[in-house]
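Q: Got a structure for you, written out below as structure tokens; questions coming shortly.
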Amino acid sequence: MNSREIVVGKSTLETLTLGMYKNPLVVYREYIQNSSDSIDHAIKTGLIKDNEALIKVNVNHKTHSISIEDNGTGVSGKEVYNVLCDIGNARKDYRTDRGFRGIGRLGGLAYCERLIFKTSYHGEDYASIITWDGVALKGLLRPDNHESSSLGDVVHKIVSQDVAEEDIDAHYFVVTMQGISVHHRGTLLHDNDVKQYLSEVAPVPYDHQQFMHALEIDDAFKAEEHRFDQYKIILNDSAIPIKKPYKTSFITGNQERTKQRDNVKEIKILNDEKGRYSGWIAITNFYGNIRDQSIRGIRLRKGNILIGDSTTFNQFFLAEKDVANTWFMGEIFIHDPEVIPNSQRDDFEPNDAFISLKESLTELAEKFRKEYRRDMSEYNSTIKQFGNIEKRLIEIKDEIKTSGVSSDQNREQLLKEKENLEKSHQKTKQKLTKLVEKKGIDEDKKQVLENIQQKAECLEKDIIDLENDIIDAPYSTKCDLPSSYSKDVRKVYERIIAVIDAYFAQDKETAKNLRIKIIEELSVKGKSKKK
Amino acid sequence: MNQNILLVEPAYKNKYPPLGLMKLSTYHKGRGDNVSFVKGLVPEAKDRIWDRVYVSTLFTFYFDVTVQTIRYYKSSVSSTKDLYVGGILSSLMPGQLKEATGISQVIEGLLTSDKILGYRKNVNIDELVPDYDILDLIDYKYPAGDNYFAYTTRGCPNKCPFCAVPKLEPEFKTTNHIKDQIDAIDSLYGQKRNLLLLDNNVLYSECLDHIVTDIRDSGFSKKASFTYPNMLKVNYERLKKDPGNEMLLHKTLAWLSQFQRKIRRKKDLAQYIQIIDSLSINLNFKNLSAYFQELNDLVSPNIDKSPKRRYVDFNQGLDARLLTDEKMKTLSKIPIRPFRIAFDDLKDTDHYVRAMKTAIRYGVKEFSNYILYNYKDKPEDLWHRLKINMELREELGVEIYSFPMKYIPIGHKNRDFIGEHWNRKYLRAIQSVLLVKKGIVSSRKDFFDKAFGSTLDEYMELLMMPQDLIIYRFHYEGLGITQNWKTLWESLSEVESQKLLEIISKQEFGDKLADLKTNPKLSQILPFYNIRFRSSNHKDQSQQMVIDELL
């Protein structure tokens, strides 16, 4: 083996800090992730109680700074330098801890001038302060700067350590990003964006007031071996902690035309038989895709932190990938310790565990798609179709009643249209029969369908009546010719009379006389021949 | 004024011609109307406006095709009031037919007066001579088309709940004018060979003696023989009185073309063909008259003059309970063949056997008996009744063909009815056995043992056997597949075989049964029910079609 020491170049840092995340808001996730891990340890060791756990996020527009503070265990003075300055060497267990790579905590460096970690450990009467100098880092990383070339060198140059007095019982960890860069102030310091982001991504509780089924979900998983954790996160000292955006009532349809209010009717709790995941999906009327992007889509969470976004689950649908998921609302909590989020946390590492999970989730997604999305889509379209047929039948009926049938051609047309309506009616009927049996159709809808089925039976009679009406509708020229003439000859006759009527529109007397003459001439088939 | 009349029979495959329409044809021709006849949906006929359209109906399980046909011709009349529907289905379920078609002229029962059709002469159309000529207007050939069709009584005093006769012909009465009926047909259409009588229960008539005598005197004595008439001559005589009858002219030409293969001498044949060719180019009575003598000289010597036996067939069967020695003695004056006695219920065994023996004593040698199943009977009842027939045959040395008739309730719109003790699998098994024999079961012991099992256990096993193993019996027995199936079947417990029956009864044709992982024995036997015989040769393909239809 080669004994030469391997040099890790400084540009490695660049990839970690400047190039790691597409969305700057991700830094919030990274710090909250670390905070929640730390709180878990604190609860486990009895340092704090469940309900005392708190994560405070402060966004300061005046000083352009952000701080995220938790009352977890903190990091002890002995370890602090290594824990906070080693790169990619977290002493965390990837199996239990949310953050485990030890790289996320530097994410903030990309967006600020100084990144300050301040922490105190229970039993230590001081606090450790580690400051990373983002400005200096950028200077050192410039390609024309040859001052330092190894990673270690650079870290030594930009990191400073300090100590401050602290209460011996205090335990906390604060990360402060100072001097948020001009480019990123719009996003990182935008209260609403941050709130929105945290509500979707962070491990926060449901809003029990807006989301009626929250209690049901909480109860379902409380007793579970794989409970999922919820943390109290306060933004800017607000009285109301951050909550997940789920709500009972929402709008479907992206356009005004398709807009419809839908609501969660029940919650279906999901439990993988192998315990790899659990979760829920909302059973709604499935009128269409959910408009509110913060709640739409089945979402994947690990440690109750969102992996990817509202579209990450799309991959499990075999068809209609991008559409299908927008019809659903739900969460899948991944418990399988071997299923690991990738470093971007926008998907999972494609290992064996994930591949096996993928199979199971695909099956699940397909089941949902078929039972709910497709069935409901069919349900809604069938009802609409039925309405259209019904409407058109009434229209034709009225038409005949008020203006009769104007010519045999018109009669043929109407019969043709009636035939087409009848065909689509038969199709609709078949669809209805199939739909009633579908799993995705609940009792209420079944009732609706059964009512329509009854109506459909009546409609059949209406169609027959209409058929009679069309055939029996009095029409001026219908009885002009003896029955021995074929339909073709009749049609020609119709057209001739139609032309005459149009030509002599101002002189109806002449038109009438001409017609009488023609009728006389044609009254006996072949008469003129004998002449 | 002359009217244009269209007669329509829906396109189901039926054995007997539409007598109602044939009589309507006679009626309308008598009025001087032009009559056309079609079977099924014919665009050329739809594409005209007729003064009247009549659609006949038959069994209620043909409901859908009947409705379709009626609606197809609805727009071929000026007003829906000019379309009439009549016949068996019309009489049994007029309300539903009216509703499904929008036609109000749905006639119930017999056309005993033309007033029902809005005419005023008060003619009993039911008693008119059927017009056989219209049968030549369509390509479809009725298997039993060329017979006398007549009746001597209407109705039946028995009100068997499974039978439609009480609804169709509620009153029993003797109407006998068989002599006139046969005479009229003879003079109009030439002699027919056999007599099909549509009486429902002729033995109940107090005039049985009279009826039988009339039948005998109309050319159906036991020794009566029959030679086929020269239809050229018969038709020519008719045309002389009615030279403008185009339908008859065409019919004559069609008969002549058919007769071509009977011309024995080559020289004659050439001449014959020449005449037919020129006739067909310019078909009219004048032309036919010109050629008549020449043609007749070619036809006459080639007519089959060998005498044929003629038979009387009481097609609806004879009532075993009423077949006394005395009545049998009367019946024995006429050549009844086949002799039909219904064996509808195993409880009737005593009556049935006694009646059979009575008939045999009077020399009857050939029976063809209806056996109702899928009604209130149990599946094993069918086997017992077939076995009785087999034993009677062995004992008395006569031939007994059994006609198992599957019960379908009156008013049922399709054929998928399952009787209370039956299930779909059993019904299919019976139909599979019948399929091989075209519905008729010989009572020969070897056949019976093979087809239905020599013991009740074998029969019950047969009912469970996969369908294609029944139909292609020798093929699968040869391959050893049948034996494999039997071994597995015999190893099943009572509960398991019940479960198996449950599963296979639900099987639709073409369905593959899924593996039943929960029970290894069942999962072994289920694949046998997925076996589908596929043959490359055409003969079997047509049989395959029959099977497809059967399912």
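No lab work stands behind these numbers, since they all come straight from the coordinates. Since we're looking at a predicted model, the values are computed, not measured. Cβ atoms come from the backbone with ideal geometry, glycine included; neighbour counts cover every protein chain shown.
Q: How long is chain B along each principal axis, judged by its Cα atoms, biggest number first, in Å?
A: Projected onto the principal axes, the Cα atoms of chain B cover 81, 56, 55 Å.
Q: Rounded to the nearest 0.05, what FRET efficiency do A:GLU366 and A:THR311 have when you use their Cβ-Cβ distance and R0 = 22 Å?
A: 0.80
Q: Just to confirm my understanding: which cysteines in chain B have no other cysteine beta carbon less than 4.7 Å from their beta carbon?
A: Singleton cysteines: B:CYS156, B:CYS207.
Q: Related question: Can you compute 3J(HN,Hα) from phi for each residue in region B:125-132, using the Karplus curve 6.51 cos²θ - 1.76 cosθ + 1.60 with θ = phi - 60°, rounded to whole Hz and x for Gly and Pro?
A: Once θ is set to phi - 60°, the couplings for region B:125-132 become 5, 4, 9, 6, 6, x, 8, 6 Hz.
Q: Let me ask something else about it. Equivalent ellipsoid semi-axes for the protein assembly as shown, as square roots of 5 times the alpha carbon gyration tensor eigenvalues: give them largest first, rounded to whole Å.
A: Semi-axes, largest first: 90, 40, 26 Å.
Q: Students often forget the sequence filter, so: which aspartates and glutamates lie under 17 Å Cα-Cα from A:LYS232 once same-chain residues fewer than 8 apart are removed?
A: Output for A:LYS232: A:GLU30, A:ASP37, A:ASP40, A:ASP50, A:GLU52, A:GLU69, A:ASP70, A:GLU200, A:ASP207, A:ASP218.
Q: Along the charge dipole of region A:253-344, pointing to its positive end and built from +1/-1 on Cβ of Lys, Arg, Asp and Glu, which listed residue (A:GLN255, A:ILE281, A:PHE313) has its Cα farthest out?
A: My answer, from the dipole projection, is A:GLN255.
Q: Also, quick follow-up: For helix A:443-472, report the angle its Cα long axis makes with the longest principal axis of the Cα atoms of chain A; keep it between 0 and 90° and round to the nearest 10°.
A: Result, in degrees: 20.
Q: Just subtract the alpha-carbon distance of A:ASP144 and A:ASN342 from 0.36 nm times their residue separation and send over the number in nm, one decimal.
A: 68.0 nm
Q: For region B:260-362, go through all pairs of different Cα atoms, get the mean of 1/r, take its inverse, and jot down that Kirkwood value in Å.
A: Final number for the Kirkwood radius of region B:260-362 is 18.2 Å.
Q: On to the next question. If amide H atoms are built 1.01 Å from N in the plane of the peptide, which residues on other chains or at least 5 residues away come under 5 Å of the amide H of A:GLY303?
A: Under 5 Å from the amide H of A:GLY303: A:ILE334.
Q: Distance in nm between label sites at B:GLN524 and A:LYS358, each 7 Å beyond Cα in the beta-carbon direction?
A: If labels sit at B:GLN524 and A:LYS358, their model points lie 4.1 nm apart.
Q: Separate question: Assuming a ≥ b ≥ c are the square roots of the Cα gyration tensor eigenvalues, decide whether region B:135-214 counts as rounded (a/c under 1.5), prolate (otherwise, with a/b larger than b/c) or oblate.
A: Oblate is the answer for region B:135-214, as a/c is 1.5 or above yet b/c matches or exceeds a/b.
Q: Pull up the DSSP beta bridges for the protein assembly as shown and report the antiparallel fraction as a percent, rounded to 5.
A: Given both bridge residues lie in the protein assembly as shown, the antiparallel proportion sits at roughly 60 percent.
Q: Between beta-carbons, use under 13 Å as the cut-off and find the net charge around A:VAL436, counting Lys and Arg +1, Asp and Glu -1.
A: Value of the local net charge: 0.
Q: Can you give the angle from 0 to 90° between the axis of helix B:481-491 and the longest principal axis of chain B, with both taken from C-alpha atoms, to the nearest 10?
A: So the helix axis and the longest Cα principal axis differ by about 50 degrees.
Q: Here is a further query. Would you mind checking A:LYS431/A:LYS461; A:LYS244/A:LYS302; B:LYS13/B:LYS387; B:LYS329/B:LYS437; A:LYS461/B:LYS506; B:LYS15/B:LYS329 for any pair whose Cα atoms are more than 22 angstrom apart?
A: As for pairs spanning more than 22 Å Cα to Cα, those are B:LYS13/B:LYS387; B:LYS329/B:LYS437; A:LYS461/B:LYS506; B:LYS15/B:LYS329.
Q: Please give the charge dipole size of the protein assembly as shown, origin at the Cα centre, charges +1 on K and R Cβ atoms and -1 on D and E Cβ atoms. Round to the nearest 20 debye.
A: Dipole about the Cα centre, nearest 20: 6140 debye.
Q: Going by Cα centres, region A:362-436 and region B:342-364 are how many Å apart?
A: 58 Å
Q: Please list, or write none, the lysines whose alpha carbon is within less than 22 Å of the alpha carbon of A:LYS508, excluding same-chain residues fewer than 8 places away.
A: Straight-distance partners of A:LYS508: A:LYS478, A:LYS491, A:LYS517.
Q: Next question, about the same structure. Under the 0.36 nm per residue contour assumption, what length would be gained going from the current alpha-carbon distance of B:ASP350 and B:ASP180 to full extension?
A: Length gained, B:ASP350 through B:ASP180: 57.3 nm.
Q: A follow-up question, please. Between B:ASP126 and A:ASN380, how high is the FRET efficiency from 1/(1 + (r/R0)^6) when r is the Cβ-Cβ distance and R₀ = 56 Å? Nearest 0.05.
A: Result of the calculation: an efficiency of 0.50.
Q: Right, next: Per residue of B:72-81, count partner chain C-beta atoms within 10 Å of its C-beta, then hand back the mean as an integer.
A: Whole-number average of other-chain Cβ neighbours for B:72-81 is 4.
Q: Along the positive direction of the dipole of chain B (beta-carbon charges: Lys, Arg +1; Asp, Glu -1; about the Cα centre), which of B:ILE107, B:HIS210, B:ILE275 reaches farthest?
A: After comparing all options, I get B:ILE275.
Q: What number, rounded to the nearest 500 deg cm²/dmol, is the helix-based mean residue ellipticity at 222 nm of the protein assembly as shown, given -39500 (n - 2.57) per DSSP H run of at least four residues and division by all its residues?
A: Mean residue ellipticity, 222 nm, calculated: -13000 deg cm²/dmol.
Q: Tell me which lysines have Cα within less than 17 Å of A:LYS118's Cα, excluding those fewer than 8 residues away on the same chain?
A: List returned: A:LYS56, A:LYS78.
Q: In what sequence, highest mean first, do B:268-279, B:128-139 appear when ranked by Cβ atoms within 10 angstrom?
A: B:128-139, B:268-279
Q: Would you list A:VAL175, B:VAL202 from fewest to most Cβ contacts within 10 Å?
A: Neighbour counts put them in this order, fewest first: A:VAL175, B:VAL202.
Q: Can you give me the C-alpha center-to-center distance between region B:141-167 and region B:418-475, rounded to a whole angstrom?
A: 29 Å
Q: Now, a different point. Compute the helix-to-body angle for B:285-299: its Cα long axis versus the longest principal axis of chain B, expressed 0 to 90° and rounded to tens.
A: Once rounded, the angle reads 60 degrees.
Q: Let me ask something additional. What is the sum of charges around B:LEU279, taking Lys and Arg as +1, Asp and Glu as -1, for the other residues whose C-beta is under 12 Å from the C-beta of B:LEU279?
A: -1
Q: Most exposed first by the Cβ proxy, i.e. fewest other Cβ within 10 Å, how do B:LEU456, A:LEU198 rank?
A: B:LEU456, A:LEU198
Q: Could I ask something else about it? Using every alpha carbon pair in region B:80-211, what percent of pairs falls into each 10 Å bin from 0 up to the bin containing the largest distance?
A: Spelled out bin by bin, region B:80-211 gives 11, 31, 40, 17, 1 percent.
Q: Compute the signed sum of charges (Lys and Arg +1, Asp and Glu -1) over the other residues within less than 13 Å, Cβ to Cβ, of B:LEU269.
A: Net charge around B:LEU269: +4.
Q: To the nearest whole number, what is the average tally of beta carbon atoms from other chains within 10 Å of the beta carbons of peptide A:462-468?
A: The per-residue average across the peptide is 4.
Q: As an exercise, use a Förster radius of 41 Å and the Cβ-Cβ distance of A:GLU521 and B:ASP242 to find the FRET efficiency, rounded to the nearest 0.05.
A: Here the calculated transfer efficiency is 0.85.
Q: For peptide A:132-142, how many partner chain Cβ atoms fall within 10 Å of a residue's Cβ, on average?
A: For peptide A:132-142, the averaged partner shielding equals 0.
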